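Student: Structure provided below as structure tokens; questions to follow.
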Amino acid sequence: MHKNISLMAACVVVAGVALTGCSAIKDVVDVATPIVDAVGEEDSWITVGDCFDETSGDVVADIPTIDCTLPHDYEVYASIDLDKAVWPGDDEIFALADEACYAPFATWVGVPFDDSTLDYTYYVPTEDGWNDYDDREVSCIVFDPAGKVTGTLLASGR
């Protein structure tokens, strides 16, 4: 299904910060680079419709969102809670996320993934976030492999 197949996850607990939404993004290039989020407030995590740019470095403390009318790298198109009780492992978490993000892609973009020029990736719960903070959220993220986009990709038909 998904065009990118590199897999890697990591989670960093920032000292003194309450962790509520720690997730790792499945890398969007062929080389796996862990990008993590240690969030101090639940409402600072990305939500459906948020746009944001590529983050620099391997570890980030937050994902700053930007107005979708400005040029941006990524847009969140779905948020799905996985219904597994026990941590399924890294390989299965990525497989579950890939499957969970596939169908909503067509609903958001307006064309099926296989007919689109766009691609998707996702943030997934890490094992620590899953076990210690009950994090089950997968954030599905659409992007244009050709570069930044201006405006939302909602109903873009691309």
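Student: Considering segment 85-106 alone, what residues qualify as being touching a strand residue (DSSP E or B) at 6+ places or on another chain (Cβ under 8 Å) and either surrounded by fewer than 16 Cβ atoms within 10 Å (Cβ to Cβ) or among the aliphatic types (A, V, I, L, M) (or both)?
Tutor: Once the filter is applied, which keeps residues that are touching a strand residue (DSSP E or B) at 6+ places or on another chain (Cβ under 8 Å) and either surrounded by fewer than 16 Cβ atoms within 10 Å (Cβ to Cβ) or among the aliphatic types (A, V, I, L, M) (or both), segment 85-106 yields 93, 96, 97, 100.
Student: Take the residues of segment 110-126 that are more than 16 Å from the chain's Cα centre (by Cα) and not aromatic (Phe, Trp, Tyr): which is surrounded by the fewest Cβ atoms within 10 Å (Cβ to Cβ)? Break it down stepwise before answering.
Tutor: Of the residues in segment 110-126, the ones more than 16 Å from the chain's Cα centre (by Cα) are 110-117.
In the following step, the residues that additionally are not aromatic (Phe, Trp, Tyr) were identified as 110-112, 114-117.
Details: 110: 15, 111: 15, 112: 12, 114: 9, 115: 11, 116: 19, 117: 12.
Top of the filtered list is 114.
Student: Restricting to segment 129-153, count the residues that are part of a loop (DSSP other than H, G, I, E, B), in contact with a strand residue (DSSP E or B) (Cβ under 6 Å, 6 or more places away or on another chain) and surrounded by 13 or more Cβ atoms within 10 Å (Cβ to Cβ).
Tutor: Qualifying residue count for the region: 4.
Student: Moving on to the next point. Which condition number does residue 156 fail, the rest of (1) out of contact with any strand residue (DSSP E or B) (no Cβ under 8 Å at 6 or more places or on another chain); (2) surrounded by 15 or more Cβ atoms within 10 Å (Cβ to Cβ); (3) in a helix (DSSP H, G or I) being met?
Tutor: (3)
Student: Moving on. Checking the structure you have, find out if any residue of segment 73-93 is over 20 Å from residue 54 (Cβ atoms), part of a strand (DSSP E or B), under 16 Å from the mean Cα position of the chain (by Cα) and of a type in the set (D, E, K, R).
Tutor: Yes, segment 73-93 contains at least one residue that is over 20 Å from residue 54 (Cβ atoms), part of a strand (DSSP E or B), under 16 Å from the mean Cα position of the chain (by Cα) and of a type in the set (D, E, K, R).
None of the figures in this text is laboratory data; all of them are computed from the coordinates on show. All values reported here derive from a predicted model rather than from experimental measurement. Quick reminder, even Gly has a Cβ in these numbers, built from the backbone with ideal geometry, and neighbours come from all protein chains shown.
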